[in-house]
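Undergrad: If you scroll down you'll find the structure; I have some questions about it.
FYI, it's all coordinate maths here, none of it is from the lab. This one's a predicted model, so the numbers in the text were calculated from it and none came from an experiment. Cβ placement follows ideal geometry from the backbone for every residue including glycine, while neighbour counts extend to all protein chains displayed.
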Ligand code: FA5
Ligand code: MG
C-alpha cells in the first residue's frame with residue numbers, strides 16, 4: 001500500500017493507456033481528500049487532485065536518495081548525508097533489523113509501515129504534532145532543514161502519525177531512521193532508529209487508555225528483556241501526548257531511558273477527524289536496545305562496514321558481540337573565542353564532518369567569559385579512536401588542523 005507523503009515523488013501509470021506521470025507532493029489534506037502536486041513529467045499545469053483517485057495500486061513511490069542528499073540537503077554534514085538511504089533497519093542480518101523484528105513479533109496484529117524516505121514536511125514533523133514554534137527541537141542547531149526550509153530529515157517517527165490517523169489507520173507500527181544534531185559520545189549519534197506504535201481504542205476514558213498503554217508497554221519490555229526485568233514509568237512531557245510517560249529500564253544497575261509515550265492529544269485526534277476517540281502512542285530508540293542485547297560498546301559500530309563486525313550478526317539471533325580489538329585513543333583540546341549565536345552542536349557537527357568516524361567523543365571541558373573584554377571562550381576535548389585500526393599521530397593532527405582551519409574560515413579565533 002502506498003500512502004502519499006508530503007515532499008515525496010511518485011509515478012502514476014494509467015491502466016488503459018499505460019501513460020505515466022511523475023509528480024511531487026506539496027500538500028496533502030486528507031480530510032478534504034485533496035492533494036496539491038507539482039508535475040514533473042509530462043510538463044503540465046495540474047495542481048490539485050483528489051487523493052482517492054490517485055492513491056491506488058497504480059501508484060509507485062520514487063525515492064531518489066542521491067537527489068535528497070545533493071539537492072534538498074546539500075549543506076548538511078557529509079557524514080550525515082552519506083547515512084541517508086542505508087536502510088540498516090531493512091538489512092535482515094543487521095542488529096537494528098534483528099531488534100526491529102523482535103518488536104514487530106510482539107505487535108503481531110498491528111499494521112506495519114516503513115517509509116524509506118526520511119524527508120518529511122515541517123508540518124508533519126512539528127506543526128501537526130502541536131510542537132510550538134519556540135520549541136528547542138525546531139532550532140536549526142537541532143534539526144536538519146532542507147535548503148527551502150519546507151522539509152526536514154524526520155527527527156522522530158512520530159512525523160508519520162497524523163498522516164496515518166487521517167487515513168483512519170489507527171493501530172500501527174512505524175520504523176525508520178531519524179536525524180538530530182546531537183552531542184558525540186558512545187550512546188549518541190546524529191542518525192539513529194525509532195519504532196513508533198499507535199493504538200486508538202475508541203470512545204473510552206483516559207484512564208482506560210493509560211491502563212492499556214502501560215499493560216502493553218510492560219508486556220513489550222518483558223518480551224524484550226525477560227520477565228525479571230526492572231523498569232518503571234516516569235511522568236514526562238511531550239506536546240503531542242497528555243499525560244505522557246517515559247519508561248526507564250534498569251540494566252547492569254544503571255537506569256536507561258528507552259521510550260517516550262502517552263495518551264494522544266485530543267486536538268490531534270480532532271484534527272485527524274477522530275473527535276471523541278481516544279488512544280495511545282509511544283516512540284522507542286533501537287540503538288540503545290541493540291547495544292544491550294548484543295553487548296555493543298559503541299554506537300558507531302552500527303555503521304561499520306567492516307566484515308569483522310557485520311559477520312557477527314545473524315537474523316533472529318541475539319549473540320554477544322566480540323570487539324575485534326580496542327584500539328588506543330588520543331586526546332586533543334581546542335580552545336577558541338566564540339561569538340554570539342555560537343552553538344556547541346555546530347562544533348560537534350564540524351568535528352563529525354571532518355573526522356568521519358574517527359572521533360569517539362567530544363566534550364566541553366571549559367568555558368569562561370573575560371569580565372574586562374566580555375569575550376567568551378570555550379575549550380572542547382576531542383577523543384580520537386577508530387573502531388577499525390590504530391590512528392597515527394599524523395592522521396590525528398591532519399584532522400585537527402582541518403578542524404582549526406574550518407573554524408578560522410568561519411571567523412573564530414583559536415586560542
Ligand atoms: C521522541 O522522539 C517522541 N517522539 C517519542 C514519543 C512518541 C512520545 C509518541 C510520545 C508519543 P525522545 O526524544 O525522548 O522522544 O526519543 C525517544 C527515544 O529515542 C529515547 O527514549 C531514546 O531511546 C531514543 N533516542 C533519543 N535520542 C537519541 C540519540 N541521539 N541516539 C540514540 N537514541 C536516541
Ligand atoms: Mg526522551
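Undergrad: Relative to the first principal axis of the alpha-carbon coordinates of the chain, what is the inclination of helix 206-225, with its axis defined by its Cα atoms, in degrees from 0 to 90 and to the nearest 10?
TA: 50 degrees
Undergrad: Turning to a different aspect of this structure: How much of the pair distance distribution for the range 48-154 lies past 20 Å, counting alpha-carbon pairs only, in percent?
TA: Numbers: 3250 of 5671 pairs.
Everything past 20 Å amounts to 57 percent.
Undergrad: How high is the relative contact order of the chain, given as a whole-number percent (alpha carbon pairs under 8 Å, six or more residues apart)?
TA: Details: 754 pairs, mean separation 53.6, N = 415.
Relative CO of the chain lands at 13 percent.
Undergrad: Rule-of-thumb check for the range 330-414: C-alpha Rg over 2.2 N^0.38 Å?
TA: In units of the 2.2 N^0.38 Å rule of thumb, it is 1.12.
Undergrad: Now, a different point. In angstroms, what radius of gyration and Dmax does the range 157-233 have, counting Cα atoms only?
TA: Using the Cα atoms of the range 157-233, the pair Rg, Dmax is 15.6, 44 Å.
Undergrad: Run the helix sum for the chain: -39,500 (n - 2.57) per DSSP H stretch of 4+ residues, divided by residue count, reported at 222 nm to the nearest 500 deg cm²/dmol. Spell out each step's value before the answer.
TA: Numbers: 11 runs with 97 residues, N = 415.
So the calculated ellipticity at 222 nm is -6500 deg cm²/dmol.
Undergrad: Hey, how many Å between the Cα centroid of the range 272-286 and the Cα centroid of the range 349-371?
TA: Cα centroid to Cα centroid, the span is 38 Å.
Undergrad: Kindly state, to the nearest 0.05, the FRET efficiency for residue 234 paired with residue 320, given R0 = 25 Å and r defined as their beta-carbon distance. Please report the intermediate quantities before stating the final value.
TA: Details: r = 29 Å, r/R0 = 1.18.
After rounding, the FRET efficiency stands at 0.25.
Undergrad: Roughly how many whole Å is it from the C-alpha centroid of the range 159-236 to that of the range 92-123?
TA: Measuring centre to centre over Cα atoms gives 12 Å.
Undergrad: Next question. Quick one: of the DSSP bridges fully inside the chain, what percent are antiparallel, nearest 5? Mind showing how you got there, number by number?
TA: Numbers: 84 of 87 bridges.
Of the beta bridges lying entirely in the chain, close to 95 percent run antiparallel.
Undergrad: At 10 °C and a viscosity of 1.306 mPa s, what translational diffusion coefficient does Stokes-Einstein give for the range 65-294, taking Rh as the Kirkwood radius over Cα pairs? Give it in µm²/s as a whole number.
TA: On the way: Rh = 18.2 Å.
Translational D for this selection: 87 µm²/s.
Undergrad: Also: Roughly how many nanometres apart are two label points built 7 Å out from the Cα toward the Cβ at residue 204 and residue 402?
TA: 5.5 nm
Undergrad: Please compute, over every Cα-Cα pair in the range 9-62, the percentage with a separation greater than 13 angstrom. Show your work: numbers first, answer last.
TA: Values: 831 of 1431 pairs.
Cα-Cα pairs in the range 9-62 separated by more than 13 Å: 58 percent.
Undergrad: On a full-extension model of 0.36 nm per residue, what is the gain between residue 331 and residue 134, subtracting their alpha-carbon distance, rounded to one decimal in nm? All intermediate terms of the calculation are to be shown ahead of the outcome.
TA: Numbers: separation 197, 0.36 × 197 = 70.92 nm, distance 3.66 nm.
Residue separation times 0.36 nm, minus the Cα-Cα distance, leaves 67.3 nm.
Undergrad: Any idea what the relative contact order of the range 9-62 is, in percent, if you count C-alpha pairs under 8 Å spaced at least 6 apart? Write down the numbers at each step before the final one.
TA: Details: 92 pairs, mean separation 19.6, N = 54.
Contact order relative to length: 36 percent.
Undergrad: Per 10 Å bin, what is the whole-percent P(r) computed from every C-alpha pair distance within the range 244-381?
TA: So the P(r) values, bin by bin, are 8, 23, 24, 24, 16, 5, 0.
Undergrad: Per 0.36 nm of contour for each residue apart, how much would the distance between residue 17 and residue 410 grow if the chain were fully extended, relative to their Cα-Cα spacing?
TA: Working: separation 393, 0.36 × 393 = 141.48 nm, distance 5.61 nm.
Full extension from residue 17 to residue 410 adds 135.9 nm.
Undergrad: May I ask you to work out the translational diffusion coefficient for the range 206-303 at 25 °C, viscosity 0.890 mPa s, via Stokes-Einstein with Rh from the Kirkwood sum over Cα pairs, reported in whole µm²/s? Before the final figure, lay out each step's value.
TA: Working: Rh = 14.7 Å.
So the translational diffusion coefficient is about 167 µm²/s.
Undergrad: Can you order the peptides 73-83, 256-266, 224-234 by their average number of other Cβ atoms within 10 Å per residue, highest first?
TA: Working: 73-83: 16.9, 256-266: 20.6, 224-234: 12.5.
Descending packing order for the listed peptides: 256-266, 73-83, 224-234.
Undergrad: I've got another one for you. In the chain, how does Rg compare with the Kirkwood Rh, expressed as the Rg/Rh ratio over alpha carbon atoms?
TA: Details: Rg = 23.1 Å, Rh = 23.4 Å.
Result for the chain is an Rg/Rh of 0.99.
Undergrad: Report the full-extension gain for the segment residue 90 to residue 43: residue separation times 0.36 nm, less the Cα-Cα distance, to one decimal in nm. Can you show the working numbers first?
TA: On the way: separation 47, 0.36 × 47 = 16.92 nm, distance 3.51 nm.
Length difference between fully extended and current span is 13.4 nm.
Undergrad: Please compute the Cα-Cα pair-distance distribution of the range 1-94 with 5 Å bins starting at 0, giving whole percents from short to long.
TA: 2, 12, 19, 20, 16, 13, 11, 5, 1, 0
Undergrad: Here is a follow-up. Among 378-385, 16-23, how do they line up from the highest to the lowest mean number of other beta-carbon atoms within 10 Å? Present the calculation step by step, with values, prior to reporting the outcome.
TA: On the way: 378-385: 18.2, 16-23: 12.1.
Ranking the peptides 378-385, 16-23 by packing returns 378-385, 16-23.
Undergrad: Which value does Rg/Rh take for the range 141-275 over its C-alpha atoms, Rh per Kirkwood?
TA: Values: Rg = 16.3 Å, Rh = 16.6 Å.
A ratio of 0.98.
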